[in-house]
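Colleague: Can you keep this structure in mind? I'll have questions shortly.
Please treat every number below as a calculation from the coordinates, not as lab data. Computed from a predicted structure; not experimentally measured. Counting neighbours? That spans all protein chains shown, and the Cβs are built from the backbone with ideal geometry, glycine included.
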Amino acid sequence: MRIYGGTEASSRRVSSIAEVEAEQERVARQRADDKKALAHAKTQGKEAVAAVRARIAQEQATASHARQLEKLRIAAERKEEKLRIAAEKKERQAEKRVGDHFLLFNIRLMLFDFRGCETKGNFTDD
């Protein structure tokens, strides 16, 4: 399937690049917000700083887990695509083999009929 002069795979690459850039911007904003929250917590005491650090660590762990799941999902999609392409290729090869055998069978059948007509005297030479 062609999309805007390119293939579907190239459009997926372009969109994944855009997603990566958006993710980088989100991470930069999150770090800036975390830094502000940590600075604010320092004015409130050690317990507040510990709570903010714990929250940041939990958010980072959750984000890391989400990235791992996304990588697994993408790998599964790629594997599924490869399997689909391989199955289509096998199907085309099988269709070609069947077509070749059918063609050979028809040629042999025509030769047999032609030879059969000659030997029976049914073939007229005008």
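Colleague: Under 12 Å from the Cβ of residue 15, count the other residues' Cβ atoms, weight Lys and Arg +1, Asp and Glu -1, and hand me the total.
Modeller: Net charge in that neighbourhood comes out at -1.
Colleague: For segment 2-120, what is the Kirkwood estimate of the hydrodynamic radius, computed as the reciprocal of the mean inverse distance between distinct Cα atoms, to one decimal in Å? Before the final figure, lay out each step's value.
Modeller: Numbers: mean 1/r = 0.0479 Å⁻¹.
It works out to 20.9 Å.
Colleague: Would you kindly derive the ³J(HN,Hα) couplings of segment 48-60 from the backbone phi angles with the Karplus curve 6.51 cos²θ - 1.76 cosθ + 1.60 (θ = phi - 60°), listing them in order in whole Hz, with x for Gly and Pro?
Modeller: 5, 5, 4, 5, 5, 5, 5, 4, 4, 4, 5, 5, 5
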